[in-house]
Amino acid sequence: MECEICGTEIKEKPTDVTIDGSHLKVCSKCSQYGNAARARSPVSRKISPVSPKPIRNGPKRTTSRRDPFAELDDELVDEYETVMREAREKRGWTQEVLAIKIKEKASLIKKIERGEITPEDSVRKKIEKALNVILMERVGKDDWNDDRLNNGTTLGDIVTIKKK
C-alpha cells in the first residue's frame, strides 16, 4: 500500500489521519501532518423541528380572491416617455438624478424615456411617486364602441355556403 501524501510504500500498518476533513491512510512520517482519525462517526443530520399547524376554532374563513383581470383595465398612457421626461425636466433633474432618487440605473431611465422599453410595475410606481405624475390610465369596457361593426357589407353577407 502507498502513502496517500508522499506516495512511498508503507511496509507496516498505515496510520489513519484526518487532514482538512479528508480521511487518509499515510505512512508514519506523514502522520504528523494530520490528526489521528478515530472510528468513523456519522455526520449528524439536524432535523429542523416542524411546528404543528395551529388548530383553528370556529368556521373556516372564506377569503375573497382578487380578480387578476381587474388590473388589465389599466394601460400606460400614450407617450408615457414624454410625460415622464417633461415632469423630470420641470423639476430640473437629470436622468441620473431621477435614477438615484428611485434607486434604479440611469440606463433604465434613458431606455424608458426613449421608448425602447416599457417600465415594469415596480419601476413605474417609483417614477410616478418621484415625479408626481400618473402613467397609467383606466381603459374599460365603456371605451369599446361596437358601432364600427355595423358599417357596411361583409364577406359573410355575400357568401352562401353550399353543401355537397
| Of the residues Lys25, Lys11, which is surrounded by 10 or more Cβ atoms within 10 Å (Cβ to Cβ) and modelled with pLDDT of 65 or more? | Lys25
| query | If you take the residues in segment 111-121 that are surrounded by 14 or more Cβ atoms within 10 Å (Cβ to Cβ) and out of contact with any strand residue (DSSP E or B) (no Cβ under 9 Å at 6 or more places or on another chain), which one is farthest from Val133 (Cα to Cα)? | reply | Lys111
| query | In segment 64-98, how many residues are of a type in the set (D, E, K, R) and at pLDDT 80 or above? | reply | 10
| query | So how many residues does segment 104-129 have that are assigned to a loop (DSSP other than H, G, I, E, B) and under 21 Å from the mean Cα position of the chain (by Cα)? | reply | 6
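The values are calculated or read from the model by the stated rules, or taken from the named source; none is laboratory data. Since we're looking at a predicted model, the values are computed, not measured. Cβ sites come from the backbone with ideal geometry, for glycine too, and all protein chains shown count toward neighbours.
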